[in-house]
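These notes are about the structure you will find just below.
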Amino acid sequence: MADSDPRTYKLIELVGTSPVSYAEATKNAVARAGETLQGLGWFQVTELRGLLEEGIISEYQVTLKVGFRVLDRDGG
């Protein structure tokens, strides 16, 4: 059975950061990607880590894969 609306996605890897939380770091990365990419469709967190300064968490870092749709030549 053929798909009536075949889709192709491009996958990129990003690292988001935040001084507040992993969730905020994820939101920051997705929001920034949305400023320059069209057709964002999904994300997958692949790694969590952080930066310590004098034994205290100073930055949350999230590596994520973001998929966005490759648009048709007409932009759709």
Counted residues in the stretch 2-41 being more than 11 Å from the chain's Cα centre (by Cα), part of a strand (DSSP E or B) and under 14 Å from V70 (Cα atoms) come to 2
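Of the residues Q61, Q44, only one is surrounded by 12 or more Cβ atoms within 10 Å (Cβ to Cβ), assigned to a strand (DSSP E or B), at pLDDT 95 or above and among the polar types (S, T, N, Q); which? First the steps, then the outcome.
Working: Q44 fails: surrounded by 12 or more Cβ atoms within 10 Å (Cβ to Cβ).
Testing whether each residue is surrounded by 12 or more Cβ atoms within 10 Å (Cβ to Cβ), assigned to a strand (DSSP E or B), at pLDDT 95 or above and among the polar types (S, T, N, Q) leaves just Q61.
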Of the residues in the stretch 9-49, those that are among the charged types (D, E, K, R) and within 30 Å of D72 (Cβ to Cβ) come to K10, E13, K27, R32, E35
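Of all residues in the stretch 7-41 being among the acidic types (D, E) and free of Cβ contacts under 8 Å to residues at least 40 places away in the same chain, which is surrounded by the fewest Cβ atoms within 10 Å (Cβ to Cβ)?
Our first condition is that a residue be among the acidic types (D, E); within the stretch 7-41, this holds for 13, 24, 35.
Checking the rest, the ones that are also free of Cβ contacts under 8 Å to residues at least 40 places away in the same chain come to 24, 35.
Values: E24: 15, E35: 6.
The qualifying residue surrounded by the fewest Cβ atoms within 10 Å (Cβ to Cβ) is E35.
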E53: passes all of (1) over 25 Å from K10 (Cβ atoms); (2) surrounded by 11 or more Cβ atoms within 10 Å (Cβ to Cβ) but (2)
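The values are calculated or read from the model by the stated rules, or taken from the named source; none is laboratory data. Bear in mind that the values here come from a model prediction, so they are computed numbers and not experimental data. Because the Cβ atoms are built from the backbone with ideal geometry, glycine has one as well, and the counts that use them run over all protein chains shown.
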